[in-house]
């Protein structure tokens, strides 16, 4: 029996598939003479009103079924967690790769290098396109797989090959141009490394990507992330405050130009650049429609604007005295400091803001999301924490009360002997403090 196609996980009762007798375990091989690679093929091909479906059932019998349906009518098949098939792995050896700087003996998922354009479409993951051939490009175009999120880093072919240690990396402008000419929407990013792709190289990258606007809809510039686990890797360094300030100023200049040309700022820098350079966070309008919020671009502005609303709910005093500790990382500390000063104006409330250092990954890492449970335990166990410790929710795995090092919130509470609450926004912060 062939291993191609998609294996049915479940069938919706009373659906077309149910009426045809399709059962879990059956394998859908072809639709309208096109072989299925994954769920994207299935969704694209089943949009037709007339279908010829070939499957192999659990008894290894081949069935061919002719189906007539409405354009938007679903067959009623679910393929479970394996609907994407084998994931395309990264074939690069980027000199700035964060996975290569991961600490040893972490959970397996942290070492996975996903570089799959299908996950870029479905989940907003950034991909490099170095493992995408011309057939893949044509599939993206034909099936209108858009928008895509693409790690460009530089449009200089020679420099990109060097930075990514992949001879295929130099094709990026051909790939982007092909997709842009077909109307595929793209969001791009540059991981900026001092002495490599900054300065004139960044100027070139910004201008060449802007030439593909509006198909290339946005460009985010983020600083390289470095941990203490870089033994044997290319020497890299962080941006100095003065260098970060120059990046911010240059981006502000480009934004003015693009707003004049496109009525849209197009290029953005991550919040970390503003904080590193002690520059004010731009107003809401400079983030337009927040196209790269998941890339750390504009999160601080949204937080500050939400705080302006949440602060209206604060009382002038508490019914009984309360002491609370808020913990964050180096980057967010200066953002939270004036907020905590405001909280301490409430009679009966004492809030301590603690800046936790990244002992696990090294102090070149500054974002709160990479603080571990052990970092907090080591630095908080000797402190007077009050009635509660509040942490940013970004420290925890999605849907789980667990830090990167697999320490749970419950374990942290037991060792600190104080409740720990995770919050995701100013409204939750105010509620956690006041309630």
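The values are calculated or read from the model by the stated rules, or taken from the named source; none is laboratory data. Note that this is a predicted model, so its numbers are computed, not measured. All Cβ positions, glycine included, derive from the backbone under ideal geometry; neighbour counts span all protein chains shown.
Which count do you get for residues in the stretch 405-419 that are crowded, with 17+ Cβ neighbours inside 10 Å and under 21 Å from residue 344 (Cβ atoms)?
Summing the residues that are crowded, with 17+ Cβ neighbours inside 10 Å and under 21 Å from residue 344 (Cβ atoms) in the stretch 405-419 gives 1.
Applying the selection to the stretch 314-340, what residues are under 23 Å from residue 379 (Cα atoms), touching a residue at least 40 places away in the same chain (Cβ under 8 Å) and not in a helix (DSSP H, G or I)?
Of everything in the stretch 314-340, those that are under 23 Å from residue 379 (Cα atoms), touching a residue at least 40 places away in the same chain (Cβ under 8 Å) and not in a helix (DSSP H, G or I) turn out to be 322, 323, 324, 325, 326, 327, 328, 329, 331, 332.
Mind listing just one residue for me: the one in the stretch 131-145 that is touching a residue at least 40 places away in the same chain (Cβ under 8 Å) and either touching a strand residue (DSSP E or B) at 6+ places or on another chain (Cβ under 7 Å) or in a loop (DSSP other than H, G, I, E, B) (or both) and, of those, surrounded by the fewest Cβ atoms within 10 Å (Cβ to Cβ)?
Among residues in the stretch 131-145 that are touching a residue at least 40 places away in the same chain (Cβ under 8 Å) and either touching a strand residue (DSSP E or B) at 6+ places or on another chain (Cβ under 7 Å) or in a loop (DSSP other than H, G, I, E, B) (or both), the one surrounded by the fewest Cβ atoms within 10 Å (Cβ to Cβ) is 144.
When the stretch 165-198 is examined, which residues are found to be within 23 Å of residue 124 (Cα to Cα), in contact with a strand residue (DSSP E or B) (Cβ under 7 Å, 6 or more places away or on another chain) and either crowded, with 21+ Cβ neighbours inside 10 Å or modelled with pLDDT under 95 (or both)?
Within the stretch 165-198, 176, 179, 186, 188, 189, 190, 191, 192 meet the criteria.
Can you give me the number of residues within the stretch 147-160 that are out of contact with any strand residue (DSSP E or B) (no Cβ under 8 Å at 6 or more places or on another chain) and within 22 Å of residue 220 (Cβ to Cβ)?
Step one: filter the stretch 147-160 for residues out of contact with any strand residue (DSSP E or B) (no Cβ under 8 Å at 6 or more places or on another chain), giving 155-160.
Narrowing further to those that are within 22 Å of residue 220 (Cβ to Cβ): 155-157, 159-160.
The number of residues fulfilling the criteria is 5.
Tally the residues that are assigned to a helix (DSSP H, G or I) and farther than 18 Å from residue 359 by Cα, restricting the search to the stretch 395-410. I'd like the intermediate steps shown before the answer.
If we filter the stretch 395-410 for residues that are assigned to a helix (DSSP H, G or I), which is where we start, we get 395, 409-410.
Within this subset, residues satisfying the condition of being farther than 18 Å from residue 359 by Cα are 409-410.
Residues that pass the stated criteria total 2.
Could you tell me which residue of the stretch 231-249 is surrounded by the most Cβ atoms within 10 Å (Cβ to Cβ), considering only residues that are without any contact (Cβ under 8 Å) to a residue 40 or more places away in the chain and in a helix (DSSP H, G or I)?
So, considering only residues that are without any contact (Cβ under 8 Å) to a residue 40 or more places away in the chain and in a helix (DSSP H, G or I), the one surrounded by the most Cβ atoms within 10 Å (Cβ to Cβ) is 244.
Return the total of residues in the stretch 47-101 being closer than 20 Å to residue 18 by Cβ and in a helix (DSSP H, G or I).
Number satisfying all stated conditions: 1.
Under 7 Å between Cβ atoms, which residue pairs at least 6 apart in sequence (or on different chains) link something in the stretch 386-398 that is in the same structural domain as residue 374 (by TED's automatic domain parsing) and at positive phi with a partner that is crowded, with 17+ Cβ neighbours inside 10 Å and in a strand (DSSP E or B)?
Listed pairs, sorted by first residue: 386/324; 386/325.
How about the stretch 365-393: which of its residues are under 15 Å from residue 432 (Cβ atoms) and not in a loop (DSSP other than H, G, I, E, B)?
Looking only at the stretch 365-393, we keep the residues that are under 15 Å from residue 432 (Cβ atoms), and these are 385-393.
Once the filter is applied, which keeps residues that are under 15 Å from residue 432 (Cβ atoms) and not in a loop (DSSP other than H, G, I, E, B), the stretch 365-393 yields 388, 389, 390, 391, 392, 393.
Quick one: count up the residues across the stretch 281-313 that are surrounded by 15 or more Cβ atoms within 10 Å (Cβ to Cβ), more than 16 Å from the chain's Cα centre (by Cα) and not in a helix (DSSP H, G or I).
So the answer is 3.
If we scan the stretch 199-208, do we find a residue that is surrounded by 15 or more Cβ atoms within 10 Å (Cβ to Cβ) and either outside the structural domain of residue 126 (by TED's automatic domain parsing) or closer than 30 Å to residue 105 by Cα (or both)?
So far as the stretch 199-208 goes, no, none of its residues is surrounded by 15 or more Cβ atoms within 10 Å (Cβ to Cβ) and either outside the structural domain of residue 126 (by TED's automatic domain parsing) or closer than 30 Å to residue 105 by Cα (or both).
Tally up the residues in the stretch 46-64 that are within 37 Å of the chain's Cα centre (by Cα) and surrounded by fewer than 17 Cβ atoms within 10 Å (Cβ to Cβ), please.
Number satisfying all stated conditions: 3.
For the structure I just gave you, tell me whether residue 108 is more than 21 Å from the chain's Cα centre (by Cα) and surrounded by fewer than 16 Cβ atoms within 10 Å (Cβ to Cβ). Quick ask: steps written out before the conclusion?
Working: more than 21 Å from the chain's Cα centre (by Cα): no; surrounded by fewer than 16 Cβ atoms within 10 Å (Cβ to Cβ): yes.
Against the criterion (more than 21 Å from the chain's Cα centre (by Cα) and surrounded by fewer than 16 Cβ atoms within 10 Å (Cβ to Cβ)), residue 108 does not qualify.
Just to be sure, is residue 22 in a strand (DSSP E or B) and either modelled with pLDDT of 90 or more or in contact with a strand residue (DSSP E or B) (Cβ under 6 Å, 6 or more places away or on another chain) (or both)? Can you show your working first?
Values: in a strand (DSSP E or B): no; either modelled with pLDDT of 90 or more or in contact with a strand residue (DSSP E or B) (Cβ under 6 Å, 6 or more places away or on another chain) (or both): yes.
For residue 22, the condition - in a strand (DSSP E or B) and either modelled with pLDDT of 90 or more or in contact with a strand residue (DSSP E or B) (Cβ under 6 Å, 6 or more places away or on another chain) (or both) - is not met.
Could you list all residues from the stretch 389-404 that are out of contact with any strand residue (DSSP E or B) (no Cβ under 8 Å at 6 or more places or on another chain) and modelled with pLDDT of 90 or more?
Within the stretch 389-404, 394, 403 qualify.
Here are some residues: 262, 268. Which one is under 17 Å from residue 206 (Cα atoms), over 21 Å from the mean Cα position of the chain (by Cα) and at pLDDT 95 or above?
Values: 268 fails: over 21 Å from the mean Cα position of the chain (by Cα).
Unique residue meeting the criteria: 262.
Out of 372, 364, which single residue is touching a residue at least 12 places away in the same chain (Cβ under 8 Å), within 27 Å of the chain's Cα centre (by Cα) and surrounded by fewer than 20 Cβ atoms within 10 Å (Cβ to Cβ)? Explain how you work it out, then say what you get.
Values: 372 fails: surrounded by fewer than 20 Cβ atoms within 10 Å (Cβ to Cβ).
None of the others qualify; the one that does is 364.
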